[in-house]
Amino acid sequence: MATTTQTAMVGQPAPDFDMASTKNVEKLNENVRLSDYRGRWLVMVFYPLDFTFVCPTELTTFSDRYDDFEAIGADVIGISTDSVFSHRAWLQTPRDKGGVEGLRYPLASDQTREVSRAYGVLIENQGIALRGLFVIDPEGILRYAVVHDLNVGRSAEETLRVIQALQTGGLCQAEWKPGQKTLSAGA
């Protein structure tokens with residue numbers, strides 16, 4: 001459940017949340033909360049539904065790059081309006097059968113749809129989330145948001161690049177890559 005009626009806005013504190021999750025996939029008794037990630041970067045990946053076509057490609061890509069996220073001090077959470085029971089079944093389904101077995105981060109259940117609504121990704125008449133990706137900094141400030149239609153997956157590579165650009169604290173030109181200089185304000 002969301003714990004606030006706040007709406008997500010870049011540059012502002014991220015809306016709080018407290019959702020059932022697969023952190024303990026056996027017992028399903030461990031929630032995820034925004035406060036759990038204080039002091040680290042957090043990538044929230046909203047997706048429409050478990051057991052669909054594009055979703056597993058996204059979630060497994062972020063999982064396959066999880067070491068890269070950890071290396072820059074970032075965690076990932078996948079979020080849909082499905083139940084934790086559906087999440088667990090999907091996590092136990094092999095990748096070659098459309099599942100996400102071996103996923104390295106938790107999936108959270110937004111069955112109340114409050115968190116999806118607070119982050120502006122809920123398709124009200126369908127009760128599912130658009131593909132929304134949000135990056136929250138270690139102080140709980142929303143720093144990046146991208147939302148798009150249901151049929152196009154997101155890029156782990158671009159998400160890593162954006163977090164690294166944000167971490168420079170500098171002005172990063174288009175197509176900036178880690179290791180490149182940032183712009184000076186007078187340029």
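Below is a table of values for the structure above.
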item	result
Residue within the stretch 6-13 that is free of Cβ contacts under 8 Å to residues at least 12 places away in the same chain and outside any strand (DSSP E or B) present	no
Some residue of the stretch 69-90 being crowded, with 22+ Cβ neighbours inside 10 Å, aromatic (Phe, Trp, Tyr) and within 14 Å of the chain's Cα centre (by Cα)	yes
Inter-residue pairs, beta-carbon under 6 Å, first at pLDDT below 95 and in the stretch 147-169, second in a helix (DSSP H, G or I) and β-branched (Val, Ile, Thr), 6+ apart	153/54; 153/57
From the options 137, 96, 64, residue that is touching a strand residue (DSSP E or B) at 6+ places or on another chain (Cβ under 6 Å) and not β-branched (Val, Ile, Thr)	137
1 or more residues without any contact (Cβ under 8 Å) to a residue 40 or more places away in the chain and either over 27 Å from residue 6 (Cα atoms) or aliphatic (A, V, I, L, M) (or both): qualifying strands (runs of 3 or more DSSP E) within the stretch 27-145	74-80
Residue 23, sole failed condition from (1) in contact (Cβ under 8 Å) with a residue 60 or more places away in the chain; (2) part of a strand (DSSP E or B)	(2)
Residue selected from the stretch 137-187 under the condition hydroxyl-bearing (Ser, Thr, Tyr) and within 14 Å of the chain's Cα centre (by Cα), by the criterion surrounded by the fewest Cβ atoms within 10 Å (Cβ to Cβ)	155
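The values are calculated or read from the model by the stated rules, or taken from the named source; none is laboratory data. Nothing here was measured: the structure is a model prediction, and the numbers come from that model. Glycine gets a Cβ as well: all are built from the backbone with ideal geometry, and neighbour counts include every protein chain shown.
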